[in-house]
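Asks: Please read through the structure below; I'll follow up with questions.
Each value in this text was obtained by applying a stated rule to the coordinates, not by laboratory testing. Here the structure is a predicted model, which means the values were calculated and not measured. Positions of Cβ are generated from backbone atoms using ideal geometry, with glycine treated the same way; all protein chains shown enter the neighbour counts.
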Amino acid sequence: MAKVIYPGTFDPVTYGHIDIVKRAIELFEQVIVTVAKNPSKTSLFTVEERVEMLKESLMEFPNVLVDSFDGLVVDHAKNLGAIGIIRGLRAVSDFEFEFQMALMNRKLAGNITTILLMPHARYTYLNSTIVRNLAQFQGNVSEFVPPIVIEKLKAKFPKK
Ligand code: ADP
């Protein structure tokens, strides 16, 4: 069974991430969406909250699992028996970083392949930072994130 992991910060999950997951499940039998516990990034949501939002948003897909990890992506992939790492490529601006990481991960684990997938054009300008900033100032994020995320953002940024 070809299994892949889709690692990221997901702070919070957006429809852009979900678009990538949907494309990945067309190609592989199982997709494990995995939240990175990245100590060098300060996040709005805890790892547990991010996992919960992903689980709720991806509930309809039986071959998608959600978990979290601490450490190297390639080690987590190996532990799960995954053959590849899925990443999203929105624009040329993502390319350099993703390319560098893919080559480093290949150096660390030659048998784990990075697969870059492009989302629908409508999501190319979308990222979690924009969503957090919009929500902070009570902007409407309903086009960009699932209902569970709207709820959690409202709780983080209550109307004054
Ligand atoms: P990271 O900190 O690992 O970049 P993110 O949660 O921001 O974590 O993103 C995880 C992955 O999803 C990355 O490969 C990123 O390029 C991709 N991604 C983020 N937003 C989108 C989007 N709107 N469309 C497609 N891919 C996206």
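Asks: Taking θ = phi - 60°, what integer Hz values does the Karplus form 6.51 cos²θ - 1.76 cosθ + 1.60 yield along segment 78-92, in sequence order, with x for Gly and Pro?
Replies: Computed from phi, the couplings for segment 78-92 are 4, 4, 8, x, 7, 9, x, 10, 8, 9, x, 10, 8, 8, 4 Hz.
Asks: If a/c stays under 1.5 just call it rounded; otherwise compare a/b with b/c (prolate if a/b is bigger, oblate if not). Do that for segment 3-124, with a ≥ b ≥ c from the square roots of the Cα gyration tensor eigenvalues. Walk me through the numbers before you get to the answer.
Replies: Numbers: a/c = 1.18, a/b = 1.13, b/c = 1.04.
The shape class here is rounded.
Asks: Still on this structure, I have one more. With θ taken as phi - 60° and the coefficients 6.51, -1.76 and 1.60, list the Karplus ³J(HN,Hα) couplings across segment 109-116 in order, rounded to whole Hz; mark glycine and proline as x.
Replies: Karplus-based 3J(HN,Hα) across segment 109-116 equals 8, x, 9, 10, 9, 8, 10, 9 Hz.
Asks: Using only alpha carbon pairs under 8 Å that are at least six residues apart, calculate the relative contact order of the chain and give it in whole percent.
Replies: Details: 231 pairs, mean separation 45.9, N = 160.
Relative contact order here is 29 percent.
Asks: Which residues' amide hydrogens lie under 5 Å from the amide hydrogen of I32, considering only partners 5 or more residues apart or on another chain, with H built in the peptide plane?
Replies: Here V4, I5, Y6, L65 satisfy the definition.
Asks: Let me ask you something else. Please sort by residue number the GluC sites (Glu not before Pro) in segment 46-90 whose DSSP state is loop and whose Cβ has at most 12 other Cβ atoms within 10 Å. Walk me through the numbers before you get to the answer.
Replies: Values: sites: E48, E49, E52, E56, E60; in loops: E60.
Here the sparse-neighbourhood loop sites are E60.
Asks: Further question: Summing +1 for each Lys or Arg and -1 for each Asp or Glu, what net charge is found among the other residues whose Cβ lies under 13 Å from the Cβ of Q30? Mind showing how you got there, number by number?
Replies: On the way: positive: K3; negative: E26, E29, D67.
Spelling it out: positives minus negatives among the neighbours equals -2.
Asks: Also, I was wondering about something else. When the label point is put 7 Å from the Cα of N140 along its Cα-to-beta-carbon vector, which residues of segment 12-34 have a backbone N closer than 18 Å?
Replies: 15
Asks: From the helices alone, meaning DSSP H stretches of at least four residues, give me the mean residue ellipticity at 222 nm for the chain, per-run term -39500 (n - 2.57), in deg cm²/dmol to the nearest 500.
Replies: Working: 6 runs with 68 residues, N = 160.
About -13000 deg cm²/dmol.
Asks: Taking springs between alpha-carbon atoms closer than 10 angstrom, which of K41, K22, K107 fluctuates most in the Gaussian network model of the chain?
Replies: Answer for the Gaussian network model of the chain: K41.
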